[in-house]
Amino acid sequence: MTSQELTAETVIRHQAAAVAVRGMCRDHEDHRLPVERGNEWRFRMHYGSVILELDDQDLKIRVSAADETDLSYMRMIVAGHVREYLDSAVAIRWSGDGGTSSIPVFFREITVMSSERISPHMQRLRFSARDIGRFASGGIHLRLLIPPRGRKPVWPTIGEDGLLVWPQGEDALTVRIYTIQAIDVEKGFVDIDFVLHPGLETPAAKFAQTAKPGDVIGMIGPGGEHVPDGGHLILLGDDTAIPAISRILRELPEGRTADVWIEVDGPGDILPLKAETASVRWLFRKGRPAGTTGLLTDAVRKIDPKTLPEDIFVWSGSEFTDFKEIRRIVRKEWGLAKDRQLIVAYWRRGAQGDDARSEAA
Ligand SMILES: Cc1cc2nc3c(=O)[nH]c(=O)nc-3n(C[C@H](O)[C@H](O)[C@H](O)COP(=O)(O)OP(=O)(O)OC[C@H]3O[C@@H](n4cnc5c(N)ncnc54)[C@H](O)[C@@H]3O)c2cc1C
């Protein structure tokens, strides 16, 4: 822990407290191995660090993070694990920094300012929002909260246990993950590009298609892993990943190079990208349904891993089937280390929202 970090702690009394310790260490051994000292375990997670101290049935948990947003994420993630491993009713009460308001520190209400069709299948919405400085760094993704049409929105609150309390029934929100394509903190707006995809019920795409200035939705974030500095990049994605690829390329440090493959329906879907040091290939589906063509996986198969520089980093955002195959090739065939890749399912044919990713972790 550094001196600037914020911390919060909780003590949980439970006869099976050791089960929670074992579970949390196992869940996170993939990232950074937990360090064990007697009855104390320490490990780093994406948003901060955790110390677990077990004394018989008392489990003392201390989380630390760089700011209030990350501390709030840490409280939420750890509380989620505790409930998962012990029982859903176990009492959790955090003390320490942050956490005094029932409005989540990472929540903002956002209002549609404008809507523009930037290609045949992409709608760009500009949202105004207050106090969005924190959304300019620490992850490029958001969860958008879309309220039921015609109802006054009811937003989630945060409980003493650090977990979100979601509105239910007629007030239930639709939650979908998107990318902050652009942000201007001073002017107070974010741009989000929505793929207008087919499907019977497509709440987010439909919202984008019909949104009018003044419409209000919510956002929570920012989040997501970042692309580490240094090295040559391979970027792969379909339409849904264009906003992320666009930001990665715009934020590419000088001199850093990238090979990019993007699958879209046709030439009309090509969007301008900052690509001075990148080589971008657009692959066309030509009317075939997204997620069925294998164009991205074919592109990966054509790469000879022996020709890749040692400092390569592979980034991919795509439909689930492509995600699985790209990950298999990169991990199994190329043998690339886990910290040199970020390969993610952005959506799944036939599944809605986060269900698309339930097997994708
Ligand atoms: C980290 C991350 C960042 C993302 N960023 C963006 C972004 O910036 N812009 C963006 O448009 N999307 C983005 N996505 C993908 C987006 O979250 C999904 O496409 C989401 O399913 C759309 O929600 P929906 O309500 O429109 O459709 P859902 O209700 O989720 O799905 C309805 C039906 O549509 C299908 N479907 C969903 N997406 C597509 C698609 N792209 N093409 C064809 N069929 C589809 C589903 O399989 C389902 O059958 C991102 C996803 C992740 C995980």
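The values are calculated or read from the model by the stated rules, or taken from the named source; none is laboratory data. On a predicted model such as this, the values are computed, not experimentally measured, just so you know. Methodologically, a virtual Cβ is constructed for each residue, glycine included, from the backbone with ideal geometry; neighbour enumeration extends over all protein chains shown. For the accessible areas, the whole protein counts, side chains as well, though only heavy atoms, and no ligand, DNA or RNA atoms are used. Shrake-Rupley method; radii C 1.70, N 1.55, O 1.52, S 1.80 Å.
Conditions tested, residue by residue: (1) free of Cβ contacts under 8 Å to residues at least 24 places away in the same chain; (2) part of a helix (DSSP H, G or I); (3) within 16 Å of the ligand (Cβ to nearest atom).
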residue: 245; (1), (2), (3): no, yes, yes
residue: 262; (1), (2), (3): no, no, yes
residue: 283; (1), (2), (3): yes, no, yes
residue: 321; (1), (2), (3): no, yes, yes
residue: 332; (1), (2), (3): yes, yes, no
Which numbered condition residue 150 fails, given (1) at pLDDT below 95; (2) surrounded by 17 or more Cβ atoms within 10 Å (Cβ to Cβ): (2)
Among the residues in segment 195-206, are any assigned by TED's automatic domain parsing to the domain that holds residue 143, more than 11 Å from the ligand (Cβ to nearest atom) and not basic (Lys, Arg)? no
Only one residue in 92, 77, 118 is closer than 30 Å to residue 10 by Cα, outside the structural domain of residue 243 (by TED's automatic domain parsing) and over 19 Å from the mean Cα position of the chain (by Cα), so which one is that? 92
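Can you list the strands (runs of 3 or more DSSP E) found entirely within segment 9-87 that contain at least 3 residues being open to solvent by less than 40 Å² (accessible area, probe 1.4 Å)? If you could, list the steps in order and put the result at the bottom.
Numbers: elements: 35-37, 40-45, 48-55, 58-65.
Hits in segment 9-87: 40-45, 48-55, 58-65.
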Filtering segment 345-361 down to residues that are modelled with pLDDT under 95, of a type in the set (A, V, I, L, M, F, W, C), within 11 Å of the ligand (Cβ to nearest atom) and open to solvent by 20 Å² or more (accessible area, probe 1.4 Å) yields 351
Residues of segment 129-140 satisfying the condition of being open to solvent by less than 40 Å² (accessible area, probe 1.4 Å) and either without any contact (Cβ under 8 Å) to a residue 24 or more places away in the chain or not hydrophobic (A, V, I, L, M, F, W, C) (or both): 133, 139
Going through segment 285-305 one residue at a time, which ones are open to solvent by 20 Å² or more (accessible area, probe 1.4 Å), small (Gly, Ala, Ser) and either assigned to a helix (DSSP H, G or I) or within 22 Å of residue 329 (Cβ to Cβ) (or both)? 290
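A quick yes/no check of all residues on (1) surrounded by 18 or more Cβ atoms within 10 Å (Cβ to Cβ); (2) under 30 Å from residue 136 (Cβ atoms); (3) modelled with pLDDT of 95 or more:
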position	(1), (2), (3)
253	no, yes, no
316	yes, yes, yes
324	no, no, yes
333	no, no, yes
